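J.: Structure incoming, see below.
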Amino acid sequence: MKRLILATLVVFAAMPALACETVRVGDIEVEHAWSRATIGADRPGVVYLSIRNTGSTDDALIGVATPIAGMPMLHETVVSDGIASMPHTMSMPVPAGQTAALAPGGFHGMLMGLTLALKKGDSFPLTLTFETAGDLTVTVDVLGMGAKEAECPDAQP
Amino acid sequence: MTGRDLLPIPIRDMSFSLTDHNGQPFAPSQWLGRPTMVFFGFTFCPDVCPTTLNDISDWLADLGPEADRLNVALISVDPARDTPAILAEYLSNFDPRIVGLTGRLSELEKAAADFRAIFEKLPRDGGYTMNHTAGVFLFAAEGQFTSIIDFHEDRRFAIPKIRHILT
């Protein structure tokens, strides 16, 4: 199983530009998917990306899946009375005509149970499930542990 | 009485003993004489901690050589998993002026009490995660607490707070 996943990673690693491309399903557009390198496979990985709903009906991101993590999930960083916690979240709203993001300090994809350490320069597939638009698979670029944003020519600072 | 109702005690009154990411013993008195910036975190933390470390790295870059006079420290709230070696590897990705501190749980509890900070372990998906105070604590060179930079606070507000302890 691990070899198969590694082979997938190698295939994706050969096409690093993909994460910067926009992927669409229905009215949903996703781009700038990135992650940070991890120390070993015991630590959870993270996923950030940008979602645009070009339609006139609200949608929501309700799930994430990837072959490289046993328990991928959506989390939201919440700071209340100065204390940071990271509750699970069942869905992230993507209102009609708006952009929503998994971004540092807010909603993020949390990859528990990594099957391997994420290394800078790797890429992996991530399938997002939207309540209305359905499923869409993006390529996530693994950036350095200190990365702050996607490394795409048109990425927002 | 809860932690947020109280301010951190002066550094000179702090009494915990930890180990830095180079394996050297650390005592709070080592901070005295220079302004100090401290926050609590842990390396299993995928979002808040890298975000704060990136914010701090950006502030230090903005301040330039002036910031060399600052003590900057990350105190781990997860000593079971954050050894000095792990902290060293983790921190190598951020501004080299940031020092990692870890040690015995009892000493970290003392540190949190001195800062009036809070951390707690929560079971999660077969493992655990930590809730913890997310702000960055600032102290003047003489060791008195001056202010907190809140999580992800805009740099337009953060930088002047740091300049204040540098002057």
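The values are calculated or read from the model by the stated rules, or taken from the named source; none is laboratory data. In this text, all values refer to a predicted model and were calculated from it rather than measured experimentally. We place every Cβ from the backbone using ideal geometry, glycine too, and count neighbours over all the protein chains shown. What goes into the accessible areas is simple: the full protein's heavy atoms, side chains included, and nothing from ligands, DNA or RNA. Shrake-Rupley method; radii C 1.70, N 1.55, O 1.52, S 1.80 Å.
J.: Taking the range B:73-118 only, how many residues are within 13 Å of another protein chain (Cβ to nearest Cβ), open to solvent by 20 Å² or more (accessible area, probe 1.4 Å) and within 18 Å of A:Ala84 (Cα to Cα)?
T.: Counting residues in the range B:73-118 that are within 13 Å of another protein chain (Cβ to nearest Cβ), open to solvent by 20 Å² or more (accessible area, probe 1.4 Å) and within 18 Å of A:Ala84 (Cα to Cα) gives 2.
J.: Here are some conditions: (1) open to solvent by less than 20 Å² (accessible area, probe 1.4 Å); (2) in contact with a Ser or Thr (Cβ under 9 Å, 6 or more places away or on another chain). B:Lys121 meets all but one. Which one does it not meet?
T.: Only one criterion in (1) open to solvent by less than 20 Å² (accessible area, probe 1.4 Å); (2) in contact with a Ser or Thr (Cβ under 9 Å, 6 or more places away or on another chain) is unmet by B:Lys121, namely (1).
J.: Right, another one. Taking the condition of a type in the set (Val, Ile, Thr) and either open to solvent by less than 30 Å² (accessible area, probe 1.4 Å) or within 10 Å of the chain's Cα centre (by Cα) (or both), does A:Thr38 pass?
T.: Yes; evaluated as a whole, the condition is true for this residue.
J.: In the range A:59-94, how many are in contact (Cβ under 8 Å) with a residue 40 or more places away in the chain, more than 12 Å from chain B (Cβ to nearest Cβ) and open to solvent by 40 Å² or more (accessible area, probe 1.4 Å)?
T.: So the answer is 4.
J.: Please go through the range A:85-94 and pick out each residue that is closer than 19 Å to A:Ile51 by Cβ and assigned to a loop (DSSP other than H, G, I, E, B).
T.: Residues satisfying the conditions are A:Thr89, A:Met90, A:Ser91.
J.: Which residue pairs have Cβ atoms under 8 Å apart, sit 6 or more places apart or on different chains, and have a first residue in the range B:4-31 that is away from chain A (no Cβ under 14 Å) and basic (Lys, Arg) and a second that is open to solvent by less than 30 Å² (accessible area, probe 1.4 Å) and part of a loop (DSSP other than H, G, I, E, B)?
T.: Correct list of pairs: B:Arg12/B:Gly143.
J.: Can you tell me how many residues in the range B:80-118 are of a type in the set (S, T, N, Q) and modelled with pLDDT under 95?
T.: The number of residues fulfilling the criteria is 2.
J.: Also, quick follow-up: Of the conditions (1) more than 14 Å from chain A (Cβ to nearest Cβ); (2) on the phi < 0 side of the Ramachandran plot, B:Gly143 fails just one. Which one is it?
T.: (2)
J.: How many residues are surrounded by fewer than 16 Cβ atoms within 10 Å (Cβ to Cβ) and either at pLDDT below 95 or assigned to a loop (DSSP other than H, G, I, E, B) (or both) when one looks only at the range A:95-116?
T.: Counting residues in the range A:95-116 that are surrounded by fewer than 16 Cβ atoms within 10 Å (Cβ to Cβ) and either at pLDDT below 95 or assigned to a loop (DSSP other than H, G, I, E, B) (or both) gives 4.
J.: Would a scan of the range B:24-35 turn up a residue that is outside any loop (DSSP other than H, G, I, E, B), under 26 Å from A:Asp42 (Cα atoms) and open to solvent by 10 Å² or more (accessible area, probe 1.4 Å)?
T.: The answer is no, given that none of the residues of the range B:24-35 is outside any loop (DSSP other than H, G, I, E, B), under 26 Å from A:Asp42 (Cα atoms) and open to solvent by 10 Å² or more (accessible area, probe 1.4 Å).
J.: Continuing with the same structure: Quick test of your reading of the structure: B:Tyr128 fulfils all but one of (1) assigned to a helix (DSSP H, G or I); (2) of a type in the set (Ser, Thr, Tyr); (3) within 14 Å of chain A (Cβ to nearest Cβ). Name the failing condition by number.
T.: (1) is the only condition that B:Tyr128 fails.
J.: Another question, if that's okay. Pick from the range A:117-152 the residues that are assigned to a strand (DSSP E or B) and acidic (Asp, Glu): which of them is farthest from the other protein chains (Cβ to nearest Cβ)?
T.: By that ranking, first place goes to A:Asp135.
J.: Please tell me if A:His32 is buried (at least 22 other Cβ atoms within 10 Å of the Cβ) and either more than 10 Å from chain B (Cβ to nearest Cβ) or more than 24 Å from B:Phe39 (Cα to Cα) (or both).
T.: So A:His32 fits the description; yes.
J.: Here is a follow-up. Output the number of the condition that A:Arg43 fails; it satisfies all remaining conditions of (1) open to solvent by 10 Å² or more (accessible area, probe 1.4 Å); (2) more than 14 Å from chain B (Cβ to nearest Cβ); (3) under 21 Å from A:Gly106 (Cβ atoms).
T.: It is condition (2) that A:Arg43 fails.
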